[in-house]
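Q: Below you will find the structure I want to go over with you.
The values are calculated or read from the model by the stated rules, or taken from the named source; none is laboratory data. The shown structure was predicted, so the numbers you read here are calculated from the model rather than taken from an experiment. As a convention, Cβ positions derive from the backbone with ideal geometry for all residues, glycine included, and neighbour counts pool all protein chains shown.
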Amino acid sequence: MVLLSRDDLQQLLSMKEAIELVEKGFLWLHQKKVLMPPRAVISTTFHRGSLLFMPVVTGEEKPFLVTKVITVYPDNQQLFSRPALQGFTIIFEAESGTPVAMMDAHFLTALRTGAAGGVALKYLARKEAETVTLFGAGPQARTQLEAAVSVLPLKKCYLVSYQDPREEGLAREMSARLGLEVVITGDKERAVGEAEVVITATNSREPVFRGEWLRPGTHVTAIGSFQPEVRELDSETISRSRVFVDNLEAAREEAGDIIIPVKEGVITWDTVEGEIGEVIAGEKPGRRAAEEITVFKSVGLAIQDAVVAVGAYLKARDGKVGKNYF
């Protein structure tokens, strides 16, 4: 079994490769080539923390069993200077059940979540979009921006400020690495109103902007929440938009951004257009018109972790990267 660290994973997979892998995973899921039970979540009594267990059987000719075991503690950075997300992803050969790899889930989760956002932008955003507004300054905000630049001709990013000490460093890094003009701003209304793409990657429990601020033609990607009572988007954003999800079954259980407006009577589940896999398969249209507002709500799926983890493992095996454990 090979052990892969964060540094190993960074050299093994680019964002463009991750986007291709996650797109394949969404398609497999839609084609029912994947065995994926609902995520198991245990809420702890410590600092809003949760323990998550996410197993899946992949859809390759030679399938793998993959599981991710992580903790999510939203307040870790402030309380302990530790990442909000910690844990491991483990890969087994399906035929024999032999464990073949274990890797850092913190980096992998950020990479696959960014890649999922990139897939959504590819199909739902306006192809000529040049301005993005980003809510969040953590690892997943970083990879969302990396993925966005991979699929769109972005030139400017508004980074909405929450007085997070990480914001300045993120702005400098993204400007240097991605060639973007990054503007840190506290004016949320202006930032949302001028954006063609809005990305929310926060641990907020309440909406981070007002739907009335969105201009026609905007695409919104929301990836920060995965609990039914938590949301980053308000009901007006959802009601104004064509809404797509990563998985309907998971969204009905975990996507507070949709569950709450359904409970309010603002929309019904029939309002949701469908899954991104249906768009990839060509069975449902993505963006239909320049002026429509679209939303991609992702709660995060085990298949996203699996396809990226297996992709990294296969490259590591061929290139003899990582440390052999046994």
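Q: Quick check on L79: is it surrounded by 19 or more Cβ atoms within 10 Å (Cβ to Cβ) and part of a helix (DSSP H, G or I)? Break it down stepwise before answering.
A: On the way: surrounded by 19 or more Cβ atoms within 10 Å (Cβ to Cβ): no; part of a helix (DSSP H, G or I): yes.
Taking the combined requirement at face value, the residue does not satisfy it.
One line per residue, one yes/no per condition, for (1) exposed (fewer than 13 other Cβ atoms within 10 Å of the Cβ); (2) of a type in the set (A, V, I, L, M, F, W, C):
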| position | (1), (2) |
| --- | --- |
| L3 | no, yes |
| M15 | no, yes |
| K24 | no, no |
| P37 | yes, no |
| T45 | yes, no |
| G49 | no, no |
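Q: Just to be sure I understand, how many residues within region 132-173 are of a type in the set (K, R) and under 13 Å from the mean Cα position of the chain (by Cα)?
A: Total satisfying the criteria: 1.
Q: Being free of Cβ contacts under 8 Å to residues at least 40 places away in the same chain and not small (G, A, S) narrows it down to one of H106, H47, so name that one.
A: H47
Q: Return yes or no: is G186 touching a helix residue (DSSP H, G or I) at 6+ places or on another chain (Cβ under 6 Å) and farther than 20 Å from V149 by Cβ?
A: Taking the combined requirement at face value, the residue does not satisfy it.
Q: Given the criteria modelled with pLDDT of 95 or more and touching a Gly at 6+ places or on another chain (Cβ under 7 Å), does A176 qualify?
A: no
Q: Let me ask you something else. Looking only at region 269-326, count every residue that is of a type in the set (K, R), modelled with pLDDT of 95 or more and farther than 13 Å from V245 by Cβ and tell me the total.
A: Going through region 269-326 one residue at a time, the tally reaches 3.
Q: Determine whether S225 is touching a helix residue (DSSP H, G or I) at 6+ places or on another chain (Cβ under 6 Å) and either touching a residue at least 40 places away in the same chain (Cβ under 8 Å) or β-branched (V, I, T) (or both).
A: Taking the combined requirement at face value, the residue satisfies it.
Q: Okay, next question. Can you report the number of residues in region 252-282 which are out of contact with any helix residue (DSSP H, G or I) (no Cβ under 7 Å at 6 or more places or on another chain), surrounded by fewer than 22 Cβ atoms within 10 Å (Cβ to Cβ) and touching a residue at least 40 places away in the same chain (Cβ under 8 Å)?
A: 1
Q: For region 98-195, please list each of the helices (runs of 4 or more DSSP H) lying entirely inside it that holds at least 3 residues being in contact with a Lys or Arg (Cβ under 8 Å, 6 or more places away or on another chain) and of a type in the set (G, A, S). I'd like the intermediate steps shown before the answer.
A: Working: elements: 105-124, 139-151, 166-178, 188-194.
Hits in region 98-195: 105-124.
Q: Can you report the number of residues in region 1-53 which are outside any strand (DSSP E or B) and under 25 Å from P228 (Cβ atoms)?
A: 16
Q: Name the pairs whose Cβ atoms lie under 7 Å apart, with the first residue in region 4-31 and on the phi > 0 side of the Ramachandran plot, the second modelled with pLDDT of 95 or more, and 6 or more positions between them or separate chains?
A: Between residues of region 4-31 that are on the phi > 0 side of the Ramachandran plot and residues that are modelled with pLDDT of 95 or more, there is no close pair.
This table checks each residue for (1) modelled with pLDDT under 95; (2) over 29 Å from K323 (Cα atoms).
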{"site": "E20", "(1), (2)": "no, no"}
{"site": "L35", "(1), (2)": "no, yes"}
{"site": "T67", "(1), (2)": "no, no"}
{"site": "L85", "(1), (2)": "yes, no"}
{"site": "I91", "(1), (2)": "no, no"}
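Q: Filter region 54-76 for residues that are in a strand (DSSP E or B) and touching a helix residue (DSSP H, G or I) at 6+ places or on another chain (Cβ under 7 Å); which is surrounded by the fewest Cβ atoms within 10 Å (Cβ to Cβ)?
A: P55
Q: Tell me, yes or no, whether region 302-322 has at least one residue that is aliphatic (A, V, I, L, M), in the same structural domain as F92 (by TED's automatic domain parsing), without any contact (Cβ under 8 Å) to a residue 12 or more places away in the chain and under 30 Å from Q11 (Cα atoms).
A: yes
Q: Turning to a different aspect of this structure: Restricting to region 283-326, name every residue that is crowded, with 21+ Cβ neighbours inside 10 Å, of a type in the set (S, T, N, Q) and more than 24 Å from V192 (Cα to Cα).
A: Q304
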